[in-house]
Amino acid sequence: MGFWLCLVGGLQARFGAWGQVGTDTIWLVANHEAATKAIIVCSYFFVCSFAITMGPVSWTYPAELYSLKIRGKAVSLATATNWAFNTALAFAVPPGLASIAWKTYFIFATFNFAACIHIFFMYPETVGRTLEEVEEIFQQGHVFTAWKIGREVGKKTVHEVIAKDKVVHRESLDEKSSA
């Protein structure tokens, strides 16, 4: 995604200039049909790459991370945070484009590259794992080593799951009897 943003910003920097549209001063790419088409294509590629990568992550990843006990509240908080930042962007981007024009794309590209590094180090893969297995990953404390988490981490045999359920059930009975 950052790659496409850099291309859009670079093309606008090379072929654009400040111009007047009505009473507004805006950054324009005029008399460069190929550059204009390239900007449009790169913008579409950015949207496509976002739609198949980070777009769904803010909705799916929180639901895969939290146990059933707190999942509803955690996903609600994640969704509210997502909307709050989207609202902030809706207010911040137009003034950014109006004042620094094509440089806005490089700011967002920088954030995209930083997010890539952050995700590599901090987000463990959850595909094909149960909620219990994901919880085991976090209990083991894999800080800054998400890429090192093997497929076997958190995996349990049927006998281990049954034994753990018996212990949990026994502990809950003890808590109820003492209350």
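Here are a few things to note about the model shown:
- Ligands, DNA and RNA are left out, and with a 1.4 angstrom probe the accessible area of the chain is 71 Å² per residue.
- Charge tally in the Cβ shell below 11 Å around residue 29, where Lys, Arg are +1 and Asp, Glu are -1, residue 29 excluded: +1
- Whole-angstrom gap from region 129-179 to region 35-58, using each part's C-alpha centre: 39 Å
- Highest mobility in the GNM of the chain, judged by mean-square fluctuation with C-alpha springs under 10 Å and restricted to 167, 134, 41, is found for 167.
- Computed FRET value (nearest 0.05) for residue 176 with residue 51, which takes r as the C-beta separation and R₀ as 35 Å: 0.10
- Label separation (residue 3 vs residue 155): 3.2 nm, computed from points 7 Å beyond Cα along the C-beta direction.
- Figure note: 89, 28 ranked by solvent-accessible area, largest first, 1.4 Å probe, ligands and nucleic acids not counted: 89, 28.
- Helical content alone sets the calculated 222 nm signal of the chain at -24000 deg cm²/dmol, taking -39,500 (n - 2.57) per DSSP H segment of four or more residues and averaging over every residue.
- Spin-label pair residue 43/residue 77, simplified geometry with 7 Å Cα→Cβ offset, distance in nm: 3.7 nm
- Accessible carbon and sulfur surface of region 4-121 relative to its total accessible area, %, 1.4 Å: 74 percent
- Ligands, DNA and RNA excluded, the heavy atoms of residue 61 present near 30 Å² of accessible surface to a 1.4 Å solvent probe.
- Linear extension gain, residue 86 paired with residue 35, 0.36 nm per residue minus alpha-carbon span: 15.5 nm
- Area accessible to solvent at residue 103, 1.4 Å probe radius, in Å²: 100 Å²
- Point-to-point label distance, residue 107-residue 18, nm (Cα→Cβ direction, 7 Å offset): 1.7 nm
- Residue 42 contributes an accessible area of around 10 Å² to the protein surface, as traced by a 1.4 Å probe with all chains present.
The values are calculated or read from the model by the stated rules, or taken from the named source; none is laboratory data. In this text, all values refer to a predicted model and were calculated from it rather than measured experimentally. FYI the Cβ positions are ideal-geometry reconstructions off the backbone, even for glycines, and counts take in every protein chain you see. We work out accessible area using only protein heavy atoms, side chains counted, and drop any ligands, DNA or RNA first. Shrake-Rupley method; radii C 1.70, N 1.55, O 1.52, S 1.80 Å.
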